[in-house]
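None of the figures in this text is laboratory data; all of them are computed from the coordinates on show. The model shown is predicted, which means the values in this text are computed figures rather than measured ones. All Cβ positions, even for glycine, are placed from backbone atoms using ideal geometry, and neighbour counts span all protein chains on display.
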Amino acid sequence: MSEDTGRSARTGHTSEQQAVDRSTHDEHSSEQEPVTGRRRRKSSYDFARARARAVEVITTVVRWVGTLAAVILTAHVVLTVGGANPDNGITRFVAGWADPLALGFQNLFPQPGDPKLDVLVNYGLAALFWLVVTSLAVKIIRTLG
């Protein structure tokens, strides 16, 4: 004997009557719950959390890029002022990256007769510029995000 037939035999109801009894029970149970007129949908994706995470990732990337630029410029200043061999591969590599990162600061304050002071002032200002601009960019991104 199947389970439904066994239940029907025990209760004395047919399967159609059991279906009606269940629907009547469902109607009565829904009457007990207050109806608000709005159904709350369960969101499977939290957009606010995703947006906050995206802003965090973007600000982290911006901060790292700015810090890396300042570090390269500072390394160029240290290598130049410290008298590093200009033919060395590391010195050439750092100088090759420092020139485009200086963004026009290379000849801002020319120091005639002292190339080390020239590099210290101009590339040092470029490094500070990158740090300040990075900090401002991070604050703007966080404010907008």
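Assorted remarks:
- In a fully extended conformation the segment linking Asn88 and Tyr45 would gain 10.1 nm over its present Cα-Cα distance, using 0.36 nm per residue.
- Anisotropy class of the range 70-114 from Cα gyration tensor, a/c 1.5 cut: oblate
- FRET efficiency for the Val133 to Asp99 pair, using the beta carbon distance and R₀ = 22 Å, is estimated at 0.75.
- Compared with the alpha-carbon gap, the fully stretched path from Leu117 to Ile140 is longer by 4.9 nm at 0.36 nm per residue.
- Taking the charge dipole of the range 35-119 about its Cα centre, with +1 at Lys and Arg Cβ atoms and -1 at Asp and Glu Cβ atoms, the residue from Ala52, Gly104, Gly82 reaching farthest to the positive side is Ala52.
- Distance between the range 39-100 and the range 118-145 - C-alpha centres, whole angstrom: 11
- Relative packing of peptides 71-83, 132-144 - highest average C-beta neighbours within 10 Å first: 71-83, 132-144
- Restricted to Cα atoms, the range 73-145 shows a radius of gyration and a Dmax of 14.4, 49 angstrom.
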